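Reviewing the structure listed below.
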Amino acid sequence: MPYVFDPIETPSVAVTGTDRRFPVRRIFCVGRNYAEHAREMGGDPDRAPPFFFTKPADAIVESGAKITFPKITKDFHHEVELVIAIGKEGENIPVQDAREHIFGFAVGIDLTRRDLQKIAKEKGRPWDSGKAFDQSAPCGAITPVAEIEDIETAKIWLTVNEDTRQSATIADLIWSIEEVIAVLSEAFILMPGDLIYTGTPAGVSSLSIGDHIIGHVDGLSPIDIRLTS
Ligand code: MN
């Protein structure tokens, strides 16, 4: 079928150990999922059900890329996150079956125009301007689940110019990996290609042009980006 112009190439992420790539369908993100971060954002880190927002699939940026400092913000933040890559369709997935739907894990950074997100929160408006802008979803290569020993006890951390800004362990998640999949699949039919950014630990902070940012999770391929003007 001819199009009136060329459609975009399917956004995709590298997979470790193969030259075959993971095609990205949707990007879901969990709002608050570490107690210390919920507190630093002025919230209450209870077990209120997790909430979700999305980014466009073509907001994906691969490790090694340069990111242009985004428009219309004076408070551009990093949020390092464990990313779940979904490999199998499912809805109303029970917690005990959630593992079957995971293709692999990656390290992502939920880049945020915090000033715009703050205005949206105050006015009860959507978060898109703060969260879903171009190049807002850096994601490292996906490691297939079979190659990961123990994601639950892995450390997660982020450095800016070699200074550690965020540091926690995956065990600190308020809602576990399996619970996030179960709750999200009550609202959406999860599909292969979906990515879920699982929330960020405390320590989010402002970025500047020239910054070199690296996000890590033990056992996964890091995400390494630089900010340019
Ligand atoms: Mn986040």
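The values are calculated or read from the model by the stated rules, or taken from the named source; none is laboratory data. None of the values given here were measured: they were computed from a predicted structure. Methodologically, a virtual Cβ is constructed for each residue, glycine included, from the backbone with ideal geometry; neighbour enumeration extends over all protein chains shown. Protein only, heavy atoms only, side chains kept; ligands, DNA and RNA dropped before computing areas. Shrake-Rupley method; radii C 1.70, N 1.55, O 1.52, S 1.80 Å.
Things to note:
- Leading residue at positive end of dipole, the chain (Cβ point charges), from 119, 225, 137: 119
- Amide H contacts under 5 Å for residue 61, placed H, 5+ residues apart: 137, 139
- The length gained on full extension between residue 36 and residue 209, counted as 0.36 nm times the residue separation minus their Cα-Cα distance, comes to 59.6 nm.
- Furthest towards positive pole of dipole, 164, 181, 68, structure part the chain, Cβ charges: 68
- Point-charge dipole on Cβ atoms (K/R +1, D/E -1) for the chain, about Cα centre, debye to 20: 840
- Theoretical gain in end-to-end length, residue 163 to residue 4 [0.36 nm per residue, Cα-Cα removed]: 52.4 nm
- Among 114, 21, 32, residue whose mean-square fluctuation peaks in a GNM of the chain (springs only between Cα atoms under 10 Å): 21
- Here the calculated FRET efficiency for residue 100 and residue 122, from their Cβ-Cβ distance with R0 = 41 Å, stands at 0.50, rounded to the nearest 0.05.
- Per atom type, the chain shows carbon and sulfur on 51% of its accessible surface, probed at 1.4 Å.
- Burial ranking of peptide ranges 3-14, 138-149, 99-110 (average Cβ count within 10 Å, highest at the top): 99-110, 138-149, 3-14
- Among 78-84, 159-165, the order from most to least packed when residues are scored by Cβ within 10 Å on average: 78-84, 159-165
- Partner aspartates and glutamates for residue 155 [C-alpha distance under 13 Å; skip if fewer than 8 residues away on the same chain]: 81, 172, 218
- Amide H within-cut-off set for residue 67, under 5 Å, with H built and near neighbours excluded: 226, 227, 228
- MRE, 222 nm, helices only [DSSP H, n ≥ 4, -39500 (n - 2.57), over the chain, to nearest 500]: -3500 deg cm²/dmol
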